[in-house]
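Okay, so here's the structure we're looking at.
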Ligand SMILES: Cc1cc2nc3c(=O)[nH]c(=O)nc-3n(C[C@H](O)[C@H](O)[C@H](O)COP(=O)(O)OP(=O)(O)OC[C@H]3O[C@@H](n4cnc5c(N)ncnc54)[C@H](O)[C@@H]3O)c2cc1C
């Protein structure tokens, strides 16, 4: 195989966006993906919300730039892309405080068109049963896409401008000589040389960079979603309430999640003793959002040690939490006008790569030189990936990054305690 200049490990949305920007800049790029298609793990299981509102302040500039790029991508490729905004819905007066604080955060982050609505304002955006809402917070900025198709299309655009994709191959090690990256070792193709490696492996990232002595505190948590048959009520914004979240596809189908009170599943394993003192406060703050699972059969000893990762890096998924989604569907139906029946066609679960502080790691390292990290997106990666692609490509080309990424350095985890994120996802 012809040696590329840059190897991107992982063909999720982040790796695919990096490959697109690198190839556009004329860099010979090879993407290596262990799955049999692009978007094998989190990216194709995402809800599809391209959200700016409700992001951590440090992420807002990335999210704004990313949305601009999503618009451009949608104009060049064939995937569902709806600029319908995002609506937080309060069903009870007590929830209005959460919306006020989200509103303050949005305005101080420069999102001046985000506005608080009374129940009439909410009903103008979504057909609701009388009295179902106490108010809302609406952002006109946000959009939605079909993630599975979007990641495939981004990869296709990358291929069109010269990026190559090697699917079904696992990278086992990043190779270094002296203090510089010189390539990767793979399971079936041996060593492949290059001058830069971009690690965009989602939950697989800690395992790969551990071979370089780097530690990235990530927990893999399983989040369930579902898709329903078409319903007759129509709305454009992505809806988020305490007990449900939903976006409506153009054909009327709903993509459903369990809302701000979602519960994610996490296998408990011996690996959880690493940095336990730092993770415990985070568990405590978000204890209502996490369901710990001690059920080890039939996953066996390897998962006792490594959590969702088996000995060679294969992932074990908890089963989807159908009861949680059924409850969300009932909750949504109870607020919509006419209380339509929501019939679920399929449930699925995806693994979110949660970091300790809920922020990603996006960094070009000095040691080893030539290593770029883009991982730990903590449930926000689909939305911001196109901007991350631009930042990573600039770093590889030795240019100043188009956006400030100082908050996303991996060094923050070694420098002491990091803040606990306010929201679970
Ligand atoms: C249920 C769910 C709903 C979500 N909803 C949203 C949403 O609405 N909006 C949003 O912005 N985000 C959402 N997210 C988060 C978003 O999906 C992720 O942040 C994003 O997909 C991360 O992309 P990635 O490319 O970093 O990771 P991934 O998509 O996981 O890609 C990493 C790739 O690396 C490959 N890989 C790993 N290790 C190796 C190796 N050693 N060698 C070769 N290949 C390897 C994997 O197979 C995988 O394909 C959601 C996530 C889940 C699970």
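Here are the numbers for this structure:
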read-out	value
Residue in region 73-81 that is surrounded by fewer than 16 Cβ atoms within 10 Å (Cβ to Cβ), touching a residue at least 60 places away in the same chain (Cβ under 8 Å) and closer than 30 Å to residue 161 by Cα present	yes
Unique match (being within 16 Å of the ligand (Cβ to nearest atom) and either assigned by TED's automatic domain parsing to the domain that holds residue 31 or surrounded by fewer than 15 Cβ atoms within 10 Å (Cβ to Cβ) (or both)) among 319, 416, 350, 338	319
Residue match in region 36-51 (condition: assigned by TED's automatic domain parsing to the domain that holds residue 181, surrounded by fewer than 16 Cβ atoms within 10 Å (Cβ to Cβ) and within 27 Å of residue 404 (Cβ to Cβ))	no
Count of region 136-162 residues which are more than 15 Å from the ligand (Cβ to nearest atom) and touching a helix residue (DSSP H, G or I) at 6+ places or on another chain (Cβ under 7 Å)	6
Verdict on residue 114 being within 25 Å of the chain's Cα centre (by Cα), surrounded by 19 or more Cβ atoms within 10 Å (Cβ to Cβ) and under 18 Å from residue 246 (Cα atoms)	no
Extreme residue, surrounded by the most Cβ atoms within 10 Å (Cβ to Cβ), among residues of region 164-182 that are away from the ligand (no atom under 15 Å from the Cβ) and outside any strand (DSSP E or B)	179
Members of region 201-247 found to be in the same structural domain as residue 168 (by TED's automatic domain parsing) and within 8 Å of the ligand (Cβ to nearest atom), listed by number	201, 202, 203, 204, 205, 207, 208
Any hit, region 91-98, residues being within 12 Å of the ligand (Cβ to nearest atom), touching a helix residue (DSSP H, G or I) at 6+ places or on another chain (Cβ under 9 Å) and either in the same structural domain as residue 203 (by TED's automatic domain parsing) or assigned to a loop (DSSP other than H, G, I, E, B) (or both)	no
Residue tally, condition part of a loop (DSSP other than H, G, I, E, B), in contact with a helix residue (DSSP H, G or I) (Cβ under 8 Å, 6 or more places away or on another chain) and within 21 Å of residue 241 (Cβ to Cβ), over region 309-360	4
Selection from region 321-344 of residues that are under 27 Å from the mean Cα position of the chain (by Cα), in contact (Cβ under 8 Å) with a residue 60 or more places away in the chain and more than 14 Å from residue 133 (Cβ to Cβ)	321, 322, 324, 325, 327, 328, 329, 342, 343, 344
Residues located in region 183-200, provided they are touching a residue at least 24 places away in the same chain (Cβ under 8 Å) and away from the ligand (no atom under 14 Å from the Cβ)	193, 194, 195, 196
Residue that is surrounded by the most Cβ atoms within 10 Å (Cβ to Cβ), among those in region 353-403 that are at positive phi and away from the ligand (no atom under 15 Å from the Cβ)	370
Filter result for residue 379 (part of a loop (DSSP other than H, G, I, E, B), closer than 27 Å to residue 143 by Cβ and either in contact with a strand residue (DSSP E or B) (Cβ under 9 Å, 6 or more places away or on another chain) or free of Cβ contacts under 8 Å to residues at least 12 places away in the same chain (or both))	yes
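Residue-wise test of (1) in contact with a strand residue (DSSP E or B) (Cβ under 6 Å, 6 or more places away or on another chain); (2) closer than 30 Å to residue 7 by Cα; (3) surrounded by 20 or more Cβ atoms within 10 Å (Cβ to Cβ).
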residue	(1), (2), (3)
191	yes, yes, no
199	yes, yes, yes
248	yes, no, yes
266	yes, no, yes
275	no, no, no
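Conditions (1) at pLDDT below 95; (2) more than 30 Å from residue 338 (Cα to Cα); (3) touching a helix residue (DSSP H, G or I) at 6+ places or on another chain (Cβ under 7 Å), marked per residue:
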{"position": "82", "(1), (2), (3)": "no, no, no"}
{"position": "85", "(1), (2), (3)": "no, no, no"}
{"position": "88", "(1), (2), (3)": "no, no, yes"}
{"position": "101", "(1), (2), (3)": "yes, yes, no"}
{"position": "125", "(1), (2), (3)": "no, no, no"}
{"position": "128", "(1), (2), (3)": "no, no, yes"}
{"position": "134", "(1), (2), (3)": "no, no, yes"}
{"position": "168", "(1), (2), (3)": "no, yes, no"}
{"position": "178", "(1), (2), (3)": "yes, yes, no"}
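The values are calculated or read from the model by the stated rules, or taken from the named source; none is laboratory data. Since the structure is predicted, the reported quantities are computational estimates derived from the model, not experimental observations. Cβ atoms come from the backbone with ideal geometry, glycine included; neighbour counts cover every protein chain shown.
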